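Heads up, the thing below is written out as structure tokens.
Derivation of every value follows stated rules applied to the coordinates shown; laboratory data play no part. Small disclaimer: the values here were computed from a predicted structure and weren't measured. So basically every Cβ, Gly included, is an ideal-geometry build from the backbone, and we count neighbours across all protein chains shown.
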Amino acid sequence: MSDDDLAGLLRRAQEAGPDGADPYAAAERLTALVEGLSERWLSGTTSLQRAHELLRGAVETELRPV
């Protein structure tokens, strides 16, 4: 999924609620997090379950009304 795809999903979610942050910035933050979590998982420094928990928390935070 590209940053543009993720930004579109975030924009649609944010349109359902009050104005939020820039969806492109949110997409970049989430993409960077996924890349970092992937590296940690592949190196064995974090579990897949923990990576999923952290990503879910980040998505919830990005979609939370400001």
When the chain is fully extended, how far beyond the present Cα-Cα distance does residue 56 get from residue 2, taking 0.36 nm per residue of separation? 17.6 nm
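Which order do the peptides 54-62, 39-47 take when ranked by the mean count of other beta-carbon atoms within 10 Å per residue, highest first?
Details: 54-62: 13.8, 39-47: 11.4.
For the peptides 54-62, 39-47, the packing ranking is 54-62, 39-47.
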